[in-house]
Amino acid sequence: MTPHATQVPQGADEGSALALPPSLVGRWQARAVEEAAGGAEAVDVEIEFGADRVVRLTGPRDEHGEPFFTGRGEWSQDPAAEGLFRFSLRHPLPGPVPDEARAELDGAFLHGRGFLAKGRTYCHYEDGTVTGPGAVTVEGAEGATPVTVLHRWTTTPDRQGAVADTLLDAWRRTSAPVSPRAIAVFVSTNGDTVFGYEQWSSGAELRAFEKAGRRAVEGDGVIEGAERSPALVTVPHRSRTAEAGPAGATAPPGCVVITTFGFANAERARGWADAITLAEETQPEPTPGLLARHFLISGAAADGGVQVLNHSEWSGEDAHRAFLENPVVTPEWQRVEEFTSGITHGPGRRCVLAGALPTD
């Protein structure tokens, strides 16, 4: 990167990278203990809590590394109950017949120490009989929550392409000790903004990169003709993807809308994101042209305030304009309006992809 540009204040990225909010979303190594008449049996499992509110369970593995079973369920979290959640799971029982175990658990997320969940499990058999309940405890540790870092450069239409190319070239030519899972660079359609979008497997990887790799890639962190804003470090909160087409895949986005919103606290931020997700799920018809929406949340500032990154994918700019100009009127969308008081609107931009670099 080159001199003669406005530079981000020294240490801004390093500080933001460490301000990771607590999040259950991600993959957890866990131990499940089920109490039965013959005693308690403990097994090691992997549980993934998705931002789409789906739980995916991978059972213990055999000598070839194959799981004895896999399961699936749903999870939920009350925005007002910090760290408390509930989830259900179903997985097949051992044997050739389609018997099934079903469990419902209540859990507490312990930031920095994993999570602990307790509940009941029932066994449902092919002949219609049900046994249980049995007490089950699941303790999660060594979680890996994905992290997204958003970088923003303000520039001019005549410099926008060069700024985007500089960012991509810096990653192409540098071999950092630790690299993100993927890097994307977006340019706003009005010509004044370039976004860098880093996706990391975990906060630990990001921290390692901030210590050893950021300067190797970015140098002094300045780009000619561009002013850089402090990075926004986020973890996933909610995601929703449109139904797949006949070929089993959604269309590639023709437009990506990147917007940030400020809230007084995490409860309000989560409640707003959850309200929009519910409104879109329950409206009579899907929003035309909306392919996916992702809400990511930042860590809390000194005053408790948090930022929400609203990243939505659209078939094109016209679809997003039509969404704003023709709002859906339902009780659920009216509920969203209750959160407008106190929201700080960050700059939002319609964007197209300038380039992407998978780094795995």
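The values are calculated or read from the model by the stated rules, or taken from the named source; none is laboratory data. In this text, all values refer to a predicted model and were calculated from it rather than measured experimentally. Because the Cβ atoms are built from the backbone with ideal geometry, glycine has one as well, and the counts that use them run over all protein chains shown. The area values use the complete protein model at the heavy-atom level, side chains included, leaving out ligands, DNA and RNA. Shrake-Rupley method; radii C 1.70, N 1.55, O 1.52, S 1.80 Å.
Take the conditions (1) surrounded by 11 or more Cβ atoms within 10 Å (Cβ to Cβ); (2) out of contact with any helix residue (DSSP H, G or I) (no Cβ under 9 Å at 6 or more places or on another chain); (3) modelled with pLDDT under 95; residue 326 misses just one of them, which is (1).
Residues of the range 292-318 that are farther than 19 Å from residue 236 by Cα, surrounded by 13 or more Cβ atoms within 10 Å (Cβ to Cβ) and out of contact with any Leu (no Cβ under 7 Å at 6 or more places or on another chain): 316, 317, 318.
The residue that is most open to solvent (accessible area, probe 1.4 Å), counting only those in the range 56-85 that are free of Cβ contacts under 8 Å to residues at least 60 places away in the same chain, closer than 17 Å to residue 277 by Cβ and of a type outside the set (Phe, Trp, Tyr), is 74.
Scanning the range 89-117 for residues that are of a type in the set (A, V, I, L, M, F, W, C) and touching a Cys at 6+ places or on another chain (Cβ under 9 Å), which turns out most open to solvent (accessible area, probe 1.4 Å)?
Here is the first cut: in the range 89-117, the residues of a type in the set (A, V, I, L, M, F, W, C) are 89, 93, 97, 101, 103, 105, 108-110, 115-117.
If we keep only those that are touching a Cys at 6+ places or on another chain (Cβ under 9 Å) too, we end up with 93, 101.
Working: 93: 34, 101: 7 Å².
For the range 89-117, the residue satisfying everything is 93.
For the range 259-274, filtering for residues that are out of contact with any Pro (no Cβ under 9 Å at 6 or more places or on another chain) and either assigned to a strand (DSSP E or B) or surrounded by 17 or more Cβ atoms within 10 Å (Cβ to Cβ) (or both) leaves 3.
Quick check on the range 72-95. Is at least one of its residues aliphatic (A, V, I, L, M) and in a strand (DSSP E or B)? Spell out the reasoning first.
Our first condition is that a residue be aliphatic (A, V, I, L, M); within the range 72-95, this holds for 80-81, 84, 89, 93.
Next cut, in a strand (DSSP E or B) only: 84, 89.
There is at least one residue in the range 72-95 that is aliphatic (A, V, I, L, M) and in a strand (DSSP E or B).
Residue 285 falls short of the stated requirement of being outside any loop (DSSP other than H, G, I, E, B) and free of Cβ contacts under 8 Å to residues at least 60 places away in the same chain. Of the numbered criteria (1) in contact with a strand residue (DSSP E or B) (Cβ under 8 Å, 6 or more places away or on another chain); (2) assigned to a helix (DSSP H, G or I); (3) more than 23 Å from residue 203 (Cα to Cα), the one residue 334 fails is (1).
With the condition being among the polar types (S, T, N, Q), on the phi < 0 side of the Ramachandran plot and open to solvent by 20 Å² or more (accessible area, probe 1.4 Å), I'd like the strands (runs of 3 or more DSSP E) fully within the range 118-215 carrying at least 2 qualifying residues.
Numbers: elements: 130-144, 147-154, 182-188, 193-200.
Ranges flagged: 130-144.
Counting only residues that are farther than 16 Å from residue 205 by Cβ and in contact with a strand residue (DSSP E or B) (Cβ under 8 Å, 6 or more places away or on another chain), the range 141-164 holds 11 of them.
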